[in-house]
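Okay, so here's the structure we're looking at.
The values are calculated or read from the model by the stated rules, or taken from the named source; none is laboratory data. Note that the structure is predicted; figures quoted are calculated from it, not measured. Cβ coordinates were reconstructed from backbone atoms using ideal geometry, including for glycine residues, and neighbour counts include every protein chain displayed.
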Number of protein chains: 2
Amino acid sequence: MSLIDHTHQADAQSWVTSANAPDTDFPIQNLPYGLFRRTGSNEDARVGIAIGEQILDLRKAASLGRWATDVEVMLQALAQGDLNTFMAQAAARRRRLRHALFDALLAGSPQEAALRAALLPQSEAQMAVPCRIGDYTDFYTGIHHATTVGKLFRPDNPLLPNYKWVPIGYHGRSSSIGVSGGAVRRPLGQLKAPDADVPVLASCKRLDYELELGVFVAGGNALGEPIPMAQADEHLFGLTLLNDWSARDVQAWEYQPLGPFLAKNFGTTISPWIVSMEALEPFRIAFAHPADDPQPLPYLDSAKNRSEGGYDIELEVFLQTAAMRVAGLSAVRLMRSNFKHAYWTLAQMLTHHASNGCNMQPGDLLGTGTQSGPEACEGGSLLELSLGGKQDVILPNGEIRRFLQDGDTVIIRGHATRPGARRIGFGDCSATVMPAPELP
Amino acid sequence: MSLIDHTHQADAQSWVTSANAPDTDFPIQNLPYGLFRRTGSNEDARVGIAIGEQILDLRKAASLGRWATDVEVMLQALAQGDLNTFMAQAAARRRRLRHALFDALLAGSPQEAALRAALLPQSEAQMAVPCRIGDYTDFYTGIHHATTVGKLFRPDNPLLPNYKWVPIGYHGRSSSIGVSGGAVRRPLGQLKAPDADVPVLASCKRLDYELELGVFVAGGNALGEPIPMAQADEHLFGLTLLNDWSARDVQAWEYQPLGPFLAKNFGTTISPWIVSMEALEPFRIAFAHPADDPQPLPYLDSAKNRSEGGYDIELEVFLQTAAMRVAGLSAVRLMRSNFKHAYWTLAQMLTHHASNGCNMQPGDLLGTGTQSGPEACEGGSLLELSLGGKQDVILPNGEIRRFLQDGDTVIIRGHATRPGARRIGFGDCSATVMPAPELP
C-alpha cells in the first residue's frame, strides 16, 4: 500500500456538514472534479469540487479564499473552466491542490467563513463533460464479460488466444460522450436477421448498456515515446463511471472485420465527477493473474502493479422503467460487480496503449470494458443477464426485459469502501432511452 | 454534373505567375486551405491558401485587401488560425469566400498591388495539421484492397458478407495525425509468429503504408439526428491525401475481436492542404455498383449519388530509400490508382456514419480506406504489392522491399484532370520512417 496521507483519515470531518453523512458519495476525503454551471444560467462552465451535497466553485474559491501562491495559480487556471491544463500537471502538484482544498474544507478551517460564499448546492447545478476529451479508447479488461459474450458471438472460440497477452482495446467516439442526467436516443441501424437474405435499416431492437469505469489521462507522452509501467500511475488522473451503450443487433452485422462502429458510437454516458487517483489510494489492492494463466510480458509488469495495481471498487447497475416512474417506484438493482475482477490494470491499459509510441494527451478517456463478475447474475450488460436475449429478466414489478425499452433509465453507481477508510462514491451515471428517429 | 461556375474556367490565370504553370498543384482554380507559420518563427499558426508556389496569408489579406463585409468577417475568423469555425459555415458561404479569393487573385484584379504583400513562398513556411480534428474515422471503401487483404487474413472468406451492404469503418486515433514532411517512428508491439508459443515485444518487422484520401467534415449534425443522403454534400468540406501507417505483424496478432488498434494508431500522415469540394466539382463522375452486386439500401442511395457521387482522382505512391537519397536518386513510383474504384462514395460514408445519430463535428476526418486498383500492380500498400510479404518488390536501383525499412520516405501524390478543366493537385503527403525506440 502506498503512503496514505492525512487526506485519507477516516475521521476527518468537513464544515460542509452534508459531507459528513455516512452514506454521502462526496466526503472530504473524496474531492472529485467536475464542470458545472448554475442551472438555467448562461454562465461559462467552471470547475468545481463536489463536497457533500454542495459544489465548491473554484472560480469563487480562487478569489474568496487565502491560498499559497502555487495553489492560487492552479486555482486561477481551473477558474477559467479549463480542467485539461490542470490534468497535465505533475502528480505532486495535483496532490498539492488536493491537500490545500482538504485543509480549507476541514472542520475548524479559518477559511470557512470566506468559502461559504463559494458553495452552490448540487441540486442547483447543471453538469457538463468535465474536460476536453481528445481521444476515447475502450478496453476489454472484463474477462468474465469477454468470455460470456465471446460464447454468444463465437461459441467454439469464446476467449481468443490473444486475450491473456494483449490488453485488447479499440478506439471509440469522443463527440458523442455525454454526462449523466441526459438521454440516449435509440439508434437506427442496418440489421440482418440470421435467416434473412438482405439487411434492412430499422430501429435497434437489442439496445443494451455496458457497465464500465473510465480513466482520464493526466500528463501525456510525446509521439513515439512509450510510457513505462513504472511511470504509468503518474499519467492517470482519475476515474468516472461509464455506460457504453450498445446496439447488439447492429454490432452483430457490422463488426467484422474492423470491430464495433455504429453499434457503439451513438452515445456514451459518464458520471459528472472525476474521482482522483489520490482519493482512491486507500482502495488499491494486490493484482495477479491466476498462476496457470500466462504472466504479463515484462513491459506490462512491475512490482507496484503486482502489489497494488488493482482497485477494489464496487459497481452496480439499476434500472427504472417508465412504468416504474409512473407508479412512483424506485430504480431496481439489476446486478453488482467489482472492478477487482478485471484481467488488466489501469496502468497496464495505459502502458500498452502507449507502447507503440501512441501519444496520450491530458483529458483522454480510457474505458475499462464491461466489468462483469464471475457469476451469471453479475453480468454487466443485459446481453449477459438475458443469456443473449434468450431469457427474460423479471423485474420486481412484473415487467420483463431482454433488452432496453424506450423510457428505461439506466443508472450505474459505484463506491469504494474498506475498514478504516471513509467511503468514496462516484455519483450517478444515469441516462434515459428515447425513441428512435423516424426512418428516412 | 453540377453547375460549373467561373472559378472552374480552365483558362483563368492568376497574377501569381507560378499558379499558371501547367504542372502546378495549385492553380487559381484550386485554392486549398492550410495552416502555416513562417519557418523558424514563433508566430501563431494562421490559415493560408496555396496559390502556385506561394501562400496567400489570410491574416494579412484580411487587413490589406478590400473585401465585401461578409467576406471580411469570414477572413477575420480565419486570420485567427481557426479553420474549424469556417468549416462549420453553410456551403453557400464557403463558396462565397472561394469566389472572392478567386476574383482577388485573378490576373488583372485591382487587388493585386495590395495583396502582393500577403504572399509567403511555400518554401519559407512550415505547415501544421490544418484544423482541430475532434474524431478520426477510417473507412474501408477500397474493394480491391479489402479483397486482396481479406485473402491474406482469411483465405476462405476474403470479402465478408456485410461488405457490399455496410460502408465498413472504425474509429482511429486523432492525436497521432501529423502533417506531411515529418517522420513516423517504427513502433514496438506484441508480435507472435504463427509457430511461436508466446508473443514477444519487439520492433515491428512488417511496417507498411496505406494510400488513402481523407475527407474533412464541414458543418456537423446534432446528436441523434441522422444526415440524409440528399444533404450529405453540404456537410463535406474538402479532401487531403492520407497515409494510414500500418504495422502488419502487430495487426495480425491484436485485431480480433475488436479491430485494429496499436497496429494503426502510432501515426497517420496527411497532406497539408485541404482541397475544397468546390474545387473538385468538375471531377465528379457517375457512380454505380455493378448490376450483379446488391444495390445500396435506400438510406445510402440518391439520384445525385448515382449521377455524380464519384470523384475521378488519380493517386500515386512513391518511395525514396535512404540509399537513393545518398545517391541523389529521386523517389520512384510504386503504383498508381484512382479513387473512382472505391465501392462507397464520400456521401455514403458520411450518411452511414451519422445514420445512427452519431454527431459529426466540423473538422472531423474520415479516411476512405486504402485505394487499390483492380490490377495486382495497383495495390495501395506493400502488403498487396509483396503478396503478403512473400514476394520481393524490386526497385530500379536494385534494392528490394517487402515492407518498409528505416530511412524510407513514402510520398503519396494525387491530382484530378479532365479535358476542359484545369489540373487540381493535392501537394505531397510525405513522411520518413525513423528507427524504433529501444526495448524497455
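Some points to look at:
- Residue in the stretch A:310-330 that is more than 14 Å from chain B (Cβ to nearest Cβ), hydroxyl-bearing (Ser, Thr, Tyr), farther than 27 Å from residue B:188 by Cβ and touching a Gly at 6+ places or on another chain (Cβ under 6 Å) present: no
- Test for residue A:132: is it in contact (Cβ under 8 Å) with a residue 40 or more places away in the chain and of a type in the set (D, E, K, R): yes
- Among residues of the stretch A:123-157, those that are of a type in the set (S, T, N, Q) and in a strand (DSSP E or B), counted: 2
- Remark: pairs (first residue in the stretch B:287-315, of a type in the set (Lys, Arg); second residue surrounded by fewer than 17 Cβ atoms within 10 Å (Cβ to Cβ) and part of a loop (DSSP other than H, G, I, E, B); Cβ separation under 7 Å; 6+ apart in sequence or on different chains) = B:306/B:286; B:306/B:288.
- Tallying residues that are assigned to a strand (DSSP E or B) and farther than 26 Å from residue B:163 by Cα within the stretch A:158-194 yields 7.
- Checking residue B:370 against (1) crowded, with 23+ Cβ neighbours inside 10 Å; (2) under 21 Å from residue B:226 (Cβ atoms), the condition it does not meet: (2)
- Hits in the stretch B:390-404 (condition: assigned to a loop (DSSP other than H, G, I, E, B) and either surrounded by 16 or more Cβ atoms within 10 Å (Cβ to Cβ) or modelled with pLDDT under 95 (or both)): B:395, B:399, B:402, B:403, B:404
- Checking the stretch B:235-258 against the condition returns a match, with at least one residue being touching a residue at least 60 places away in the same chain (Cβ under 8 Å), closer than 29 Å to residue B:348 by Cα and surrounded by fewer than 21 Cβ atoms within 10 Å (Cβ to Cβ).
- Test: residue A:72 is surrounded by fewer than 18 Cβ atoms within 10 Å (Cβ to Cβ) and either in contact (Cβ under 8 Å) with a residue 24 or more places away in the chain or within 22 Å of residue A:23 (Cα to Cα) (or both): no
- Single residue of B:32, B:121, B:22, B:110 found to be crowded, with 22+ Cβ neighbours inside 10 Å and not assigned by TED's automatic domain parsing to the domain that holds residue B:219: B:32
- Residue within the stretch B:45-53 that is more than 11 Å from residue B:122 (Cβ to Cβ) and at pLDDT below 95 present: yes
- Of all positions in the stretch A:134-153, at least one carries a residue that is buried (at least 24 other Cβ atoms within 10 Å of the Cβ), within 23 Å of the chain's Cα centre (by Cα) and more than 24 Å from residue A:372 (Cβ to Cβ).
- Criterion violated by residue A:103 - all others in (1) acidic (Asp, Glu); (2) over 28 Å from residue A:220 (Cβ atoms); (3) touching a residue at least 40 places away in the same chain (Cβ under 8 Å) satisfied: (3)
- Restricting the stretch B:253-303 to residues that are within 10 Å of chain A (Cβ to nearest Cβ) and of a type in the set (A, V, I, L, M, F, W, C) leaves a set whose member that is nearest to the chain's Cα centre (by Cα) is B:266.
- Restricting attention to the stretch B:115-141, the residues that are under 30 Å from residue A:175 (Cβ atoms) and either among the hydroxyl-bearing types (Ser, Thr, Tyr) or within 13 Å of chain A (Cβ to nearest Cβ) (or both) add up to 11.
- Here residue A:414 fits the description: closer than 27 Å to residue A:272 by Cβ and not in a loop (DSSP other than H, G, I, E, B).
- Of all residues in the stretch B:152-209 being touching a Gly at 6+ places or on another chain (Cβ under 6 Å) and of a type in the set (A, V, I, L, M, F, W, C), the one that is farthest from the other protein chains (Cβ to nearest Cβ): B:152
- Conditions (1) surrounded by 22 or more Cβ atoms within 10 Å (Cβ to Cβ); (2) in a loop (DSSP other than H, G, I, E, B); (3) in contact with a strand residue (DSSP E or B) (Cβ under 6 Å, 6 or more places away or on another chain): number failed by residue A:227: (3)
- When the residues of the stretch A:357-367 are filtered to those that are at negative phi and in contact with a helix residue (DSSP H, G or I) (Cβ under 7 Å, 6 or more places away or on another chain), the one that is surrounded by the most Cβ atoms within 10 Å (Cβ to Cβ) is A:366.
- Selection within the stretch A:336-386: residues that are in a helix (DSSP H, G or I) and within 12 Å of chain B (Cβ to nearest Cβ). The member of this set that is nearest to residue A:148 (Cα to Cα) is A:349.
- Residues within the stretch A:195-219 that are in a loop (DSSP other than H, G, I, E, B), in contact with a helix residue (DSSP H, G or I) (Cβ under 7 Å, 6 or more places away or on another chain) and either free of Cβ contacts under 8 Å to residues at least 12 places away in the same chain or surrounded by fewer than 24 Cβ atoms within 10 Å (Cβ to Cβ) (or both), tallied: 4
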